[in-house]
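What follows is a short report on a single structure.
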Amino acid sequence: MIRVVVENIVLFLLPTAIYVIYVLLTRKQHEKAGVLDDAPFFWLMLAGTGLVFLVLVAFGTTSGGKPGQVYVPPHLGTGGKIEPGELK
């Protein structure tokens, strides 16, 4: 669960990171002090939110089983071995 939260936070912050890298690479050396002073925070947050939304929708529509399949959770099989979960 923590992995999913971290991935979404990284996706949300990705446009801001790209913006900061772009500004640092294009500004002159003496102008790099206030990188985020004039940053378009609204548009960066909107882009981050859109990116998270698109990834969640894409993941939700492309993964999982077919309609009618039943998920069988991990269980102890013969010989005491753990059988992994699967869709049947």
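Please treat every number below as a calculation from the coordinates, not as lab data. The structure displayed is predicted, hence computed values, not measured ones. In this analysis, Cβ positions are derived from the backbone assuming ideal geometry, glycine residues included, and neighbour counts consider all displayed protein chains.
Results, tabulated for the structure shown:
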| item | result |
| --- | --- |
| Pair list, Cβ under 7 Å, 6 or more apart: region 19-39 residue touching a residue at least 24 places away in the same chain (Cβ under 8 Å), other residue in a helix (DSSP H, G or I) | Tyr19/Leu44 |
| Residue in region 29-47 that is outside any loop (DSSP other than H, G, I, E, B), in contact with a strand residue (DSSP E or B) (Cβ under 6 Å, 6 or more places away or on another chain) and not polar (S, T, N, Q) present | no |
| Residue under evaluation Asp37, criteria (1) over 25 Å from the mean Cα position of the chain (by Cα); (2) surrounded by 10 or more Cβ atoms within 10 Å (Cβ to Cβ), criterion not met | (2) |
